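Scroll down for the structure; my scribbles are underneath it.
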Amino acid sequence: MSRTLVWIAVFAAVAAPVTAQNIHPTPPPEARAVPLDGAQIQLDGRLDEAVWRTATPATDFRQSQPREGQPATQRTEVRFAFDGAALYVGARMFDDHGAAGVQTRLVRRDGSANADYLEVIFDTYHDHIGRLFFTVNPSGVRGDANGLGGGGDDSWDPVWEVKTAIDSLGWTAEMRIPFSQLRYPSTTSEQTWGLQIWRQENRLNELSQWSFWGLTETGGPPRFGHLHGLVIHRAPGRAEILPYTVGRSANVPVSDPSDPFEKAHAWDGRVGVDARVLLTSNLTLNATVNPDFGQVEVDPAVVNLSAFETFLDERRPFFVEGAGYFGLGGLSCFFCSNVSSLSMLSTRRIGRSPQMPAMRDTAARYADVPENTTILGAAKLTGRTPSGWSIGVLDAVTRREQATVQRSDSSRYDATVEPFSNYWVGRVAKDLRGGATVIKAMGTSVIRSFDDPFLADSLSRHAEAFGLGTDMWFRSRNYHLMAQIAGTQVSGTRGAMLRLQRSSARYFQRPDRGNGSNGLLSDAYDSSMTSMRGLGGYARFSREQGKLLWEVSTNLRTPGFDNNDMTFFSRADYWYMGGNIFPQWLKPTKWYRQLFFIAGGQQQYNFDGDLTDRQGQLFAYIQPPNYWNVSSYYIRRPDTFDDRLTRGGPVVRRSGIDDWSLNLNTDSRKNVVVGFFGEVGCNHEGYCSRSANFSIQLRPASNVSISFGPSIRHDETGTQYIRRVTDSTATAFYGARYVFADLVQNSVAMNTRFNITFSPNLTLELFMQPLIVSGAFSRYKEFAAPRGLRKLVYGVDVGTSTPVAAGDSIDPDGAGPAAPFVIPRQDFTFRSLRGNAVLRWEYHPGSTLFVVWTRSGESALSRGRIDFGDDAGALFQGPSQNIFLVKINYWLGF
């Protein structure tokens, strides 16, 4: 760690100007918290205690919308008080229509209510970076988020209370926020926190703020006002324990009665515990033993015909909470496509589904494979030191997972499908210049222990990464620099490294690759390699304030870069560059409320110098006076090279494309909200893709929400990869033929949600995703030459193509010497119906009961088209897996 800190200090000294910025409003608005001095507050939302009459309120709100900078039309008064255990907030939101003007809805905690609300935000460390959000609407629905350390964490659910009331003057809110749920400097002297307050008056669509900044200005904690007067004499509670117990019943259809591992009914249960300990007033230790994530919503079904992994978002609360302490820096752009951030951590890797196949010999017939890798335990340390260092450290241990395999002779053996593994990540950050410069350093490590040579030749034994990053603001936050650089090293057996070299992320085996080297950075195909190293980087410089914004950025990954063991990583070997200009008109007229355009372009090369991407783009957005939102973009791409299309073969050319889109959304405040997104893209060879996505949200009652998301998609491509065929006569392609096909793919889906909220602490949510996808393959072909665009269709331009019972028999050169081959039938229709129902009841502050039903079923046919009547019926009539789960936890604070 000492070496890391030295590098950060050197980097900070070189990069950061020595003068701090004056970033506050002049002067900043101020509020003062008053001590209760033995008085009591009964939390009922009535504001009838004496302290709410004597404390000086925060007032003088100004509009952000719709009339920027004008005084708010509705008066707001917010007061603060404290005792030895908690901070109290008393707020009165006047409404000139009285109770009739108050608009409210019941939704689950952290849900989007589209109603009036009050949001109080604290920068408790007063570092002009971190934030803690506390939001309430007139129905008492709470929202909270943790932005300490940068970023934002909506999954954070601190234990705090709020009560509201609606009366003839408008509505009121009374909050009690225990100091044990907050993080702040360790001092017994008076503290100053950053403070911002927002109020939404839904009837008028008026958003007002206490510490004002304009729509063309960069806001956030640097522009907050001040909360004075807090004196916290003693440390709050130092520990929280959340034990849980869960029972599960699974009902699974038996597809093969002779499979001994298929059980129609199964019961299981488990216990575990989550714990949070405040080591100091600034550092928090979170730990989990035998964690359970059964209440998390199911992942959507996908059909992936590419060579790349499907990315899925992290939803598990333990890993999502405090995520702001574990980022090196994200990717930001006004408009960009086909570019990814320099991600260092995706916690979905921890506890993933086993990676290795169980049946590895021809005699294996059945296997009992675990669904996920067991997380034996995980712990993380997060917080901020008094000297201004933000710290995040995470360590997790996963169990070796084995599958029981039965051979055709009924004998059995155990096969390891996931090794015992340790995952570690650490990040430190230091803010300078009043928060206008942040320097970050981050390291990750994955270590696996193997007991099986097959696994050792398939997975890396060690995978490490280290990176530095910075965020810098200049000229009163007009200009912004983001920069990150990271190096990776992956080690293992020759077989494991050969797998990485041949992966879709780099295809080192391409026969036409340039002559690289394997010195400090890996860039050459080498069957004796036992470690691989690479470098990644990202930088963006932009103007973020004013009526004319702009940005330039670059992004690169050397061929040997790979941190896929710790995060989602799909591609190395590229150097990207892009830029945009962004004029905006934010002063309302009779034609629009907001209007802006974006124009720019981007391009990308691999490290052989091939142009692999180029595009120009236009984007337009308008908000008419009726508060609808309309946007559209146009992208044009010329013909470029493609070093991935042949999946390890020579570079070929990809046809350019023209892409248009239209997006429309009606006023989100209404009881019926409609959205539409349509897109049409056609390449220069005449293949087109079209899609239409609709969203319809209905609010028949103040506590009920129903949404439908029907979508249809039609995709055509003339270069769907099929297979590689070894053929010594194909000299132009180095002794192989790379076979492609026309593919016409259609899909129909409709994501459906039904939410009913019985009280702010009791909700029922239902989600359902029916999906039908078909694919029809035809016109098998090969490229005429490397680095070219022209294709030769078998049976039309070259050779013969004959339908046979198993598929298509291809003779690539007719009467020539090339050997014929058979392509099995590829057509498919996939039907899936997934969904779950989740009942959440916070029966005691911090303690929750979950009752969950999850249903998933799917089937597939070799038919290459959608028969909607038949396929829709199969969604509900086919076999399905049903899992019923009950989980209860109880929060204990000490």
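The values are calculated or read from the model by the stated rules, or taken from the named source; none is laboratory data. In this text the structure is predicted, and so the values were computed from the model without any measurement. Using ideal geometry, Cβ is built from the backbone for each residue, glycine included, and neighbour counts are taken over all protein chains shown. Heavy atoms of the whole protein, side chains included, go into the accessibility calculation; ligands, DNA and RNA do not. Shrake-Rupley method; radii C 1.70, N 1.55, O 1.52, S 1.80 Å.
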Worksheet item: Thr470: net charge of surrounding residues, Cβ under 12 Å, Lys/Arg +1, Asp/Glu -1, itself excluded?
Response: +2
Practice prompt. Can you check what the net charge comes to around Arg461, using other residues whose Cβ is under 13 Å from the Cβ of Arg461 (Lys, Arg +1; Asp, Glu -1)?
Written response: -2
Practice prompt. For Val254 and Ile706, compute 0.36 nm times the residue count separating them, minus their Cα-Cα distance, and round to one decimal in nm.
Written response: 159.3 nm
Worksheet, complete the sentence: Computed from the beta carbon distance with a Förster radius of 60 Å, FRET efficiency for Ala692 and Thr54 to the nearest 0.05 stands at 0.50
Worksheet item: Can you give the accessible area per residue of the range 761-855, in Å², using a 1.4 Å probe?
Response: 42
Item to complete: Compute the distance in nm between two label points, each set 7 Å from the Cα along the Cα-to-Cβ direction, one at Thr729 and one at Ala837.
Response: 6.3
Practice prompt. Using R₀ = 30 Å, calculate the FRET efficiency as 1/(1 + (r/R₀)^6) where r is the Cβ-Cβ separation of Tyr413 and Asn882; round to 0.05.
Written response: 0.45
Worksheet entry | Cβ crowding within 10 Å averaged over residues, with 507-520, 210-223 ranked highest first | 210-223, 507-520
Item to complete: Within 10 Å, count the other beta carbons around each residue, average over each peptide in 404-413, 86-95, 718-727, and list them highest first.
Response: 86-95, 718-727, 404-413
Fill in: Inter-probe distance in nm under a simple model that places probes 7 Å from Cα toward Cβ, at Ala266 and Leu892
3.2
Worksheet item: So how strong a dipole does the range 578-645 carry about its Cα centre when Lys and Arg Cβ are +1 and Asp and Glu Cβ are -1, to the nearest 20 debye?
Response: 700
Practice prompt. Apply the Debye scattering formula to the range 207-255, with a single equal point scatterer on each alpha-carbon and no solvent, then give log10 I(q)/I(0) at q = 0.23, 0.24, 0.29, 0.31 Å⁻¹.
Written response: -0.98, -1.00, -1.17, -1.24
Practice prompt. Considering the options Ala465, Val428, Leu455, tell which one lies farthest towards the positive end of the dipole of the range 417-484, charges being +1 on Lys and Arg and -1 on Asp and Glu at the Cβ, about the Cα centre.
Written response: Val428
Discussion item. Given the options Trp267, Tyr633, Asn372, identify the residue whose Cα lies farthest towards the positive end of the charge dipole of the chain (+1 on Cβ of Lys, Arg; -1 on Cβ of Asp, Glu).
Written reply: Tyr633
Discussion item. Tell me the net charge near Val851. Cut-off is 12 Å between Cβ atoms, Val851 excluded, with +1 for each Lys or Arg and -1 for each Asp or Glu.
Written reply: +2
Fill in: Portion, in percent, of the accessible area of the range 503-620 that falls on carbon or sulfur, probe 1.4 Å
61
Worksheet item: Roughly how many nanometres apart are two label points built 7 Å out from the Cα toward the Cβ at Thr404 and Val231?
Response: 6.8
Worksheet item: Given charges of +1 on the Cβ of Lys and Arg and -1 on the Cβ of Asp and Glu, with all other atoms neutral, how large is the dipole of the chain about its Cα centre, in debye to the nearest 20?
Response: 1000
Worksheet item: In whole percent, what relative contact order does the chain give with Cα contacts below 8 Å and a gap of six or more residues?
Response: 9
Worksheet entry | Most to least packed among 559-569, 444-454 [average Cβ atoms within 10 Å] | 559-569, 444-454
Response to the item:
In debye to the nearest 20, the charge dipole size for the range 106-187, taken about the Cα centre with +1 at each Lys and Arg Cβ and -1 at each Asp and Glu Cβ, equals 140
Discussion item. Suppose only helical runs count, i.e. DSSP H with n ≥ 4. What mean residue ellipticity at 222 nm does that imply for the chain under -39500 (n - 2.57) per run, divided by all residues and rounded to the nearest 500 deg cm²/dmol?
Written reply: -1500 deg cm²/dmol
